[in-house]
1. What number of residues within region 213-260 satisfy the criterion of being part of a loop (DSSP other than H, G, I, E, B) and under 30 Å from residue 145 (Cβ atoms)?
2. Quick check on region 6-16. Is at least one of its residues surrounded by 19 or more Cβ atoms within 10 Å (Cβ to Cβ), touching a Gly at 6+ places or on another chain (Cβ under 6 Å) and either part of a helix (DSSP H, G or I) or modelled with pLDDT under 95 (or both)?
3. Just to be sure I understand, how many residues within region 299-328 are open to solvent by less than 40 Å² (accessible area, probe 1.4 Å) and not charged (D, E, K, R)?
4. Inspect region 124-131 for any residue being under 21 Å from residue 21 (Cα atoms) and aromatic (Phe, Trp, Tyr) and give the result as yes or no.
5. Please work out which residue is surrounded by the fewest Cβ atoms within 10 Å (Cβ to Cβ), limiting yourself to region 71-102 and to residues that are within 30 Å of the chain's Cα centre (by Cα) and β-branched (Val, Ile, Thr).
6. Return the total of residues in region 70-114 being part of a helix (DSSP H, G or I) and closer than 26 Å to residue 6 by Cβ.
7. Would you confirm whether any residue within region 52-69 is more than 28 Å from residue 147 (Cα to Cα), of a type in the set (S, T, N, Q) and in a helix (DSSP H, G or I)?
Amino acid sequence: MFDRKEYQQRVARLQTHIQKSELDAFVVRTDTNIIYLNGVDFYSAERKVLMIVPATGQPSLIVPRMEQERLSRSATVGHVLTYWEMDAKPGRGWKELLHDSLSNFQRVGIEPLADADVVAELQPYQWQVLPLVEDIRVIKSSAEIALIRRISHYWTEAMNAMLKEVRVGKSIPELMQAGSSIRSKILENEPNTDHFNTTLYMLYGCSPESSSPHHFSLNSEDIIPTGPTIINALGKVNWYTAENERTILAGDFTAQHAELFDIAQQGQQLALDLIKPGVPCADVDCAVQDFFTEQGVAEHMRHRVGHGFGMEGHERPYTSEGSEEVYQPNMLISVEPGLYVEGIGGFRHCDTLLITENGTENFTLGTPKDRASLTF
């Protein structure tokens, strides 16, 4: 996906963190983190892939025979150890290779989402759980930022294509098809896309069911109703994610619908105005909660203001009241406070935002958010 040097720099940054943590080596287990460090798409399923990164020197990969050729193309690892299967006979499995790889080490770190059976194999060592790969993933490189900016623009184009077709009674599947037309442009512009690393979603939350934040209207007979509908264009391209989400009001919507729309939009704008380098993530979430409380709609809040974007749809930093992180340049985040009223529906806009040296850059400003523009 990126230049080989990009992946080498990631491993070097990880090794710096390993050294600062006074570890001899670090075990990476999750597919996302291994792809982040290697640049090779794969899907391990039940067959474990492990990356052993020493504090100094060359990392090694432990892979099932099924993935040997694919993962031997790694941008950062030349030492690939192969086991037979997840349930191999003694001497032919991943556990033996793990212990062989760690034989010269005592202080070993492992990532937080590693399987329990991998952690169990570390009992002979001085081990600890540390989010070292996540620590370096939270700050994006210029190449990552450029890709997520492009992805955001794809979703903006998809959203605008759907909004052109919106009206009360319009078929949801037809609207999704209008947004999905962006697929051909992505395939043309992003040559590294494949079924592993690229997915597109055009999601609709029609009222009143959209009062559940993760309700999606997916039936073939679903249509745009009178009142609020949440429309979302999102997904990943070459593993990286972004999102463009808007709430519309259609038909003979009520004064209550309009009021809730405006309060939700004002809450999002408050967050956008507050976010900048050096601001604690928790402060922004608390400020939006306070605003919604002042407006008398606190009971309709159901989640934090936002989360980070990168190789996963939800990752650090989290704009949440309990977060201990501070916004830093080159973080990428969602900004999406919402209100959800039983029997009425949901109200939520989402933008993809880059933290810059002096402020922010909103990647999804190409779609309007004011009520006048989103009334159909």
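1. Residues flagged as part of a loop (DSSP other than H, G, I, E, B) and under 30 Å from residue 145 (Cβ atoms) within region 213-260 amount to 5.
2. Within region 6-16, one or more residues are surrounded by 19 or more Cβ atoms within 10 Å (Cβ to Cβ), touching a Gly at 6+ places or on another chain (Cβ under 6 Å) and either part of a helix (DSSP H, G or I) or modelled with pLDDT under 95 (or both).
3. Going through region 299-328 one residue at a time, the tally reaches 14.
4. yes
5. For region 71-102, the residue satisfying everything is 80.
6. Residues in region 70-114 being part of a helix (DSSP H, G or I) and closer than 26 Å to residue 6 by Cβ: 3 in total.
7. yes
Residues checked against (1) farther than 18 Å from residue 314 by Cβ; (2) touching a helix residue (DSSP H, G or I) at 6+ places or on another chain (Cβ under 9 Å); (3) modelled with pLDDT of 95 or more:
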| position | (1), (2), (3) |
| --- | --- |
| 214 | no, no, no |
| 248 | yes, yes, yes |
| 263 | yes, yes, yes |
| 275 | no, yes, yes |
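The values are calculated or read from the model by the stated rules, or taken from the named source; none is laboratory data. A quick note: this is a predicted structure, and the numbers were derived from the prediction, not measured. Counting neighbours? That spans all protein chains shown, and the Cβs are built from the backbone with ideal geometry, glycine included. These accessible areas exclude ligands, DNA and RNA; they are computed on the full protein's heavy atoms, side chains included. Shrake-Rupley method; radii C 1.70, N 1.55, O 1.52, S 1.80 Å.
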